[in-house]
Amino acid sequence: MERDALVRYLNAYLRLQDFPQDPSLNGLQVEGKGEVTKVGAAVDAGEAIFQKALEEGVDFLLVHHGLFWGRPFPITGHHKRRLELLFRGGINLYAAHLPLDAHPEVGNNHELARALGLGDLEPYDVGVKGRFPFPTPLVQVADRLGQLTGMQPLVHQGGADTVVEVVIVSGGAAGLVGRVEADLFITGEPKHSVFHETFERGLNVIYAGHYDTEVFGVKALARHLEARFGLPWVFLDHPTGL
């Protein structure tokens, strides 16, 4: 498939124009080959991931966390090595940060909500709010998250033993603890400054890992491209443990 046609499709499908507040330079960050034959999906942009993409013959790499975050930096040291790998393989680098968190079809949060069995889904910040069809034990939700991610989540039980209404905002959204109104808040990585507030507000919070809550979107987006355009894809897994 022609790269430029794929980029135009992704820009429109992910509604990049709706996220002007995102400093992460969503879209095509590094231009590679003009024809796309194989898609790679990864959470992060980094030297190890680029090396895997090169070995797998990927020429279009989708990432959630790209290289650029709203400030200039010199192309020296590890920045230079990263770009050299992309140029060597002619690999296009396409980043989708907040657009991939919020997307109702392939977004991290909607994908995770559906996998947990939540219904009545509605947007919440760049995440989602939903409901279990009946009161569900908190420990059961934590176990299910562990099954989905392969990691043991961290549970801060400030509320009841069972939950119905759930808010999910993947990644580093612990700062939302002060305004979430639900039985359970699921996010990625913990933040020490909100520890006491969680219990004082009577809120259940599950931290299921920044990396582990954000593998869902890139995989779903790659599957979508395969179904629509017949592009083969591979997931380039590089867990951070965070």
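The values are calculated or read from the model by the stated rules, or taken from the named source; none is laboratory data. All values reported here derive from a predicted model rather than from experimental measurement. Positions of Cβ are generated from backbone atoms using ideal geometry, with glycine treated the same way; all protein chains shown enter the neighbour counts. Ligands, DNA and RNA are stripped out before the accessible areas are found, and what is left, the full protein with its side chains, is counted by its heavy atoms. Shrake-Rupley method; radii C 1.70, N 1.55, O 1.52, S 1.80 Å.
Some points to look at:
- Sequence of Arg3, Arg114, Arg201 from largest to smallest accessible area, 1.4 Å probe: Arg114, Arg201, Arg3
- For segment 74-152, the C-alpha radius of gyration divided by 2.2 N^0.38 Å, with N the number of residues, is 1.60.
- All-pairs alpha carbon distance profile, segment 141-242, 5 Å steps from 0, percent: 3, 13, 22, 20, 15, 11, 8, 5, 3, 1, 0
- Dividing the summed helix terms, -39500 (n - 2.57) for each DSSP H run of n ≥ 4, by the number of residues in the chain produces a 222 nm estimate of -10000 deg cm²/dmol to the nearest 500.
- Put Asp237, Asp101 in order of accessible area, highest first, and with a 1.4 Å probe you get Asp237, Asp101.
- Convex hull of Cα atoms in segment 32-86, direction-averaged projection (nm²): 4.0
- Farthest towards the positive end of the charge dipole of the chain, among the residues Ala160, Pro190, Gln51, is the Cα of Gln51, using unit charges on the Cβ of Lys, Arg, Asp and Glu.
- Cross-link pairs exceeding 30 Å between alpha carbons, from the set Lys38/Lys129; Lys129/Lys219; Lys33/Lys191; Lys33/Lys80; Lys38/Lys80: Lys38/Lys129; Lys33/Lys191.
- For the chain, the fraction of C-alpha pairs more than 34 angstrom apart is 19%.
- Screening the chain for DSSP H helices whose Cα atoms reach 30 Å or more along their own axis and whose mean Kyte hydropathy is at least -0.5 gives nothing.
- Relative contact order for segment 22-69, counting Cα pairs under 8 Å that sit 6 or more residues apart, in percent: 52
- The Cα center of segment 25-80 and the Cα center of segment 163-242 differ in position by 22 Å.
- Each Lys and Arg contributes +1 and each Asp and Glu -1, all at the Cβ; summed about the Cα centre of the chain, the dipole is approximately 500 debye.
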